[in-house]
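Everything below concerns the one structure shown next.
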Amino acid sequence: MNATLPTADALRAALAGLLDGLPPRQATQAVDRLIAHYRGTIPTDTPVLRDRSDVAAYAAYRMPATFEAVRSALDALREAAPDWAPATHTDVGGGTGAASWAVAGAWEGPRTTVLDWAEPALALGRELAGVSGIPGLRAAEWQRARIGQDLALGATDLVTVSYVLNELTPQARTALVDDAARAAQAVVVVEAGTPDGYARIIEARGRLTAAGLTVAAPCPHSDACPIEPGTDWCHFSARVSRSSLHRKVKGGSLPYEDEKFSYVVATRFTPRPVAERITRRPQIRKGQVLLELCTRDEGLRRATVTKRHGALYRAARDIDWGDAWPPPQDPDQEPSGP
């Protein structure tokens, strides 16, 4: 990736500069309310971010994590479609623009439009984009729009919908996903990595494929998810470095946290999904690595990679949750497969 494009460090620096002096107690109270909402199951028909205080707290609390989750989903899209790049991008319910930062970090030059119904969020998003130093972000359009059944998206290459479906009624969710499928060449939907978040992703996935799109990630196929409903849920994890501001607002002491998320990427064009994807954190044992995989042809399966697999074993020790399996190999390397 071009080294001049935005990174998580650049985002944190922009947040710290704009939110310097944020009253800790007021921010903490706002964060507690936002956590209760984002982990809840009650949809709303009013903006969640009501004023500058809410937006400042949200930005400090959520933007780094949302950025990393969306960046992971975009990495999977780039892996499945390495020759494709969007010229236009619409960030639906984009708030302060975390997904737009991730898009600007994945490709150079997309023209981004951020839609949200909370003007305070859009205002702060504009400020952050303005100090980013990134031409694509600084040129982004920030438009107030009611996210729901009445939204009509214009044609665009890429639509991102991150941590938005939980805010909508069931009717508004289906309308938004259907409209995104109609308008875009690629749709990326990200939700919290909870059973409820996964259920929303599965619902969106079904609507996207019914509209004729192909699943590019994380699944190796566009068939029904092999997870039996109610027994488990598919989710992934992204490591988020915490700034001092982030730790102050969230009350944590560790320099990082792990953001759990579920997602689906679907495209109007033909992608090249991975053959298998690691669906849980690999378990490293003495002389072996245990992998849980979602596969193209066998559904869910477990694999054990041992030292006798040579280079594949060494690769397995470095593989991560959410990665493709098997990893790319040099032509002269031994055949893969546990």
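The values are calculated or read from the model by the stated rules, or taken from the named source; none is laboratory data. Keep in mind it's a predicted model, so treat the numbers as computed, not measured. Here the Cβ is made from the backbone with ideal geometry for all residues, glycine too, and neighbour counts use every protein chain on show. We work out accessible area using only protein heavy atoms, side chains counted, and drop any ligands, DNA or RNA first. Shrake-Rupley method; radii C 1.70, N 1.55, O 1.52, S 1.80 Å.
Things to note:
- Number of residues in the stretch 222-242 that are open to solvent by 80 Å² or more (accessible area, probe 1.4 Å) and touching a residue at least 60 places away in the same chain (Cβ under 8 Å): the value is 1.
- Residues that are assigned to a strand (DSSP E or B) and without any contact (Cβ under 8 Å) to a residue 12 or more places away in the chain were ranked within the stretch 264-300; the one that is least open to solvent (accessible area, probe 1.4 Å) is GLN283.
- Residues located in the stretch 198-221, provided they are among the small types (Gly, Ala, Ser) and open to solvent by 10 Å² or more (accessible area, probe 1.4 Å): ALA199, GLY206, ALA210, ALA211, GLY212
- Unmet requirement for ALA99, which otherwise passes all of (1) more than 25 Å from VAL215 (Cα to Cα); (2) touching a Ser or Thr at 6+ places or on another chain (Cβ under 8 Å): (1)
- Wholly enclosed helices (runs of 4 or more DSSP H) of the stretch 1-113 bearing at least 3 residues at pLDDT below 75: 24-38, 52-80
- Scanning the stretch 60-75 for residues that are crowded, with 24+ Cβ neighbours inside 10 Å and either more than 18 Å from VAL240 (Cα to Cα) or aromatic (Phe, Trp, Tyr) (or both) yields a single hit, PHE67.
- Residues of the stretch 106-131 that are touching a residue at least 40 places away in the same chain (Cβ under 8 Å), open to solvent by less than 20 Å² (accessible area, probe 1.4 Å) and under 20 Å from GLY17 (Cα atoms): ALA121, LEU124, LEU128.
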